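Peer 1: Structure in structure tokens, see below.
The values are calculated or read from the model by the stated rules, or taken from the named source; none is laboratory data. Remember, it's a predicted structure, so these values are computed and weren't measured experimentally. Neighbour counts run over all protein chains shown; Cβ positions are idealised from the backbone, glycine included.
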Amino acid sequence: MSYEGRSSLLKKRSKKLLRLRILGISALRRSPRPKIRKVLWFFLSRKNKLTYLAAISGVFSSPALAHAFLDGAVPRVGSEIPAAPSEVVLHFTQGVEPDFSKLEVRDSTGASVTTGPAHTAGMKEDFAVPVKKLPPGVYTVIWHVTSVDTHKTQGKFHFTVTR
Ligand SMILES: [Cu+2]
């Protein structure tokens, strides 16, 4: 086999290995059962284990297993709603620490439309902020939260008041 042929074969093989590694790591991260996780862990090579540990320690800024991820919102993410809401409520997959979390709602000019501080509502997974009577328009919700396990997550989304 020519040199070129061999090197392209090696490239193909290492691409396949990389793909397998990514698959293995994501399966490990998603697997809810400790037993399955143990088996997957056993089959990961040393290099893969290092990659996995780096991934969960945030080196790749990828999320760990238990973070406060946005799980839903009222108004819903990306929704168009006919009636203006009196507050915006975000629901997270984990409780949030309100003292170390921020929730902003801005109109299309970037001006804040909130009328009070953001607070947890009922349960710690719900983080809410009151807003003034919103005229029709596109609004941006921006959140930076610290979950009860001290991990930080952030994001933003839009909703539209149609009338
Ligand atoms: Cu976390």
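Peer 1: Among the residues of the stretch 128-155, count how many are assigned to a strand (DSSP E or B) and either of a type in the set (Ser, Thr, Tyr) or over 21 Å from residue 83 (Cα atoms) (or both).
Peer 2: Number of matching residues: 11.
Peer 1: Okay, moving on. Looking at 126, 149, which is the one that is within 23 Å of the chain's Cα centre (by Cα), farther than 18 Å from residue 76 by Cα, among the charged types (D, E, K, R) and in the same structural domain as residue 91 (by TED's automatic domain parsing)?
Peer 2: Matching residue, one of 126, 149: 149.
Peer 1: So residue 94 ticks every box in (1) away from the ligand (no atom under 15 Å from the Cβ); (2) buried (at least 17 other Cβ atoms within 10 Å of the Cβ); (3) in a loop (DSSP other than H, G, I, E, B) but one. Which box is left unticked?
Peer 2: (1)
Peer 1: Which numbered condition trips up residue 71, out of (1) touching a Ser or Thr at 6+ places or on another chain (Cβ under 8 Å); (2) surrounded by 15 or more Cβ atoms within 10 Å (Cβ to Cβ); (3) not β-branched (Val, Ile, Thr)?
Peer 2: (2)
Peer 1: If you don't mind, there's one more thing I want to ask. Please tell me if residue 120 is away from the ligand (no atom under 14 Å from the Cβ), part of a strand (DSSP E or B) and surrounded by 14 or more Cβ atoms within 10 Å (Cβ to Cβ).
Peer 2: Against the criterion (away from the ligand (no atom under 14 Å from the Cβ), part of a strand (DSSP E or B) and surrounded by 14 or more Cβ atoms within 10 Å (Cβ to Cβ)), residue 120 qualifies.
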